Each structure stands twice: as structure tokens, then as C-alpha cells.
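Throughout, read-outs are computed from the coordinates displayed, never taken from laboratory work. From a predicted model like this one, the values you see are computed outputs, not experimental measurements. Ideal geometry is used to build each Cβ from the backbone, glycine not excepted, and the neighbour counts take in all protein chains shown.
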Amino acid sequence: MRSLIVLCALAFAVPAAAQSTPASAPVSARAVELFERDWVLMNWALKFHDKDRDVLISPSEAQAAAGEFRSIADGDSDGRVTPGEYASAREFILARH
Ligand SMILES: [Ca+2]
Ligand SMILES: [Ca+2]
């Protein structure tokens, strides 16, 4: 009985794990990643969305580019880009631009 109480005390003594899941990255940061991962998309984004022509995709430029990419890629307009849709949009961009 006593050991149980000690265990409980220990359990409460351990600070609540400060491991709260990190807030999901802002959309713009993820948009930048999308282009950093894929040079085809990066070239396309630089060509059409590098508004200040510094040859860098800033978060706001990435967001605009990602928005356009999504509208190109989302063939069935369900609001999500599946890997298949992503691949065909990539092909489309590669062939056309
Ligand atoms: Ca730029
Ligand atoms: Ca879709």
C-alpha cells in the first residue's frame, strides 16, 4: 500500500512532459518546402511567381505558387492533390514550361 502511494507521488512529481506536439508549420513554410524538394516545381515557381526577381522563392511567393500548383494539379477538384495528381501536374509543367 505504501509503495503504491510512493509511486503515485513519483508520478505526480514528474513534470508533465513538455512534449506538446509542435504547432503545425505555417502553410507558407510548407509551401516553400514543396518547391525546395522538387526542382521542376522550383523552376516553374521562379519563372512565374518570383515577383521580386531575386531568384528566391519567399514564403509569400511560395504560397501563391502553391495555390496555383494546386489548381493545376487537383484534376478532380476535391481540394487535395494526390501523389498521382502531383506526378501528372509535374509532367505537365515539365512538358509545357
Ligand atoms: Ca523572390
Ligand atoms: Ca484531387
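Of the peptides 57-67, 43-53, how do they stack up when ordered by the mean number of other Cβ atoms within 10 Å, highest first?
Working: 57-67: 19.4, 43-53: 15.2.
Highest mean packing first, the order is 57-67, 43-53.
Kindly rank 28-36, 70-78 from highest to lowest mean number of other beta carbons found within 10 Å of each residue.
Values: 28-36: 17.3, 70-78: 13.2.
Going from most to least packed, we get 28-36, 70-78.
Calculate log10 I(q)/I(0) of the range 24-96 for q = 0.22, 0.26 Å⁻¹, where I(q) comes from the Debye formula with a single equal point scatterer on each Cα and nothing for solvent.
-0.96, -1.26
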